[in-house]
Amino acid sequence: MNKTSVALLAACVLSSAGFVSASERTVPADSATPADNTAVNKRDQDHDTTTPMDQPNNKVDIDVAANVRSAIMDDKSLSMKAHNVKLVASGGVVVLRGPVASADEKARVAKIVGAVAGVNRVDNQLDIAN
């Protein structure tokens, strides 16, 4: 098989799998306004803000962080946003950041995290997505 045949075969496979080229993509009508994370990005540049890079590398904190993530993932009633929250566990304190779907979900995630062994305090900095 020559290079042209391989390229043609690859194009057919990608096309039949539902992949489309950039020129064929359309923007959904409800996303006419581009996303703007400028305020969040500026907040995250502040060195006083906890980010995932602040996660300690000791066994106890890593285990707590893993158990917290598992507890969040185990609750299938939570949204994808809640399943993807950022968390940092350090010395029994878990900092939660990122968007969730509602105020109820924000409270539910904090409650789930607070019930995990090794968590003494939850710093709930979750944002409610629009």
Scope the stretch 79-119; condition of a type outside the set (Gly, Ala, Ser), part of a helix (DSSP H, G or I) and in contact (Cβ under 8 Å) with a residue 12 or more places away in the chain; matching residues: LYS81, GLU105, LYS106, ARG108, VAL109, ILE112, VAL113
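Somewhere in the stretch 101-114, is a residue modelled with pLDDT of 95 or more, surrounded by fewer than 16 Cβ atoms within 10 Å (Cβ to Cβ), closer than 22 Å to LYS59 by Cα and not basic (Lys, Arg)? Show your work before the answer.
Applying the first criterion (modelled with pLDDT of 95 or more) to the stretch 101-114 yields 101-114.
Now restrict to residues that are surrounded by fewer than 16 Cβ atoms within 10 Å (Cβ to Cβ): 101-104, 107, 111, 114.
If we keep only those that are closer than 22 Å to LYS59 by Cα as well, we get 114.
Subset that is not basic (Lys, Arg): 114.
Yes.
What residue, among those in the stretch 41-85 that are among the basic types (Lys, Arg) and modelled with pLDDT of 95 or more, is surrounded by the fewest Cβ atoms within 10 Å (Cβ to Cβ)? Walk me through how you get there before you give the answer.
Here is the first cut: in the stretch 41-85, the ones among the basic types (Lys, Arg) are 42-43, 59, 69, 76, 81.
Now drop any that are not modelled with pLDDT of 95 or more, which leaves 59, 69, 76, 81.
On the way: LYS59: 8, ARG69: 16, LYS76: 6, LYS81: 18.
Only one residue tops the list, namely LYS76.
The values are calculated or read from the model by the stated rules, or taken from the named source; none is laboratory data. These numbers were taken from a predicted model, which means no experiment stands behind them. Please note: Cβ atoms are built from the backbone with ideal geometry, for glycine as well, and neighbour counts cover all protein chains shown.
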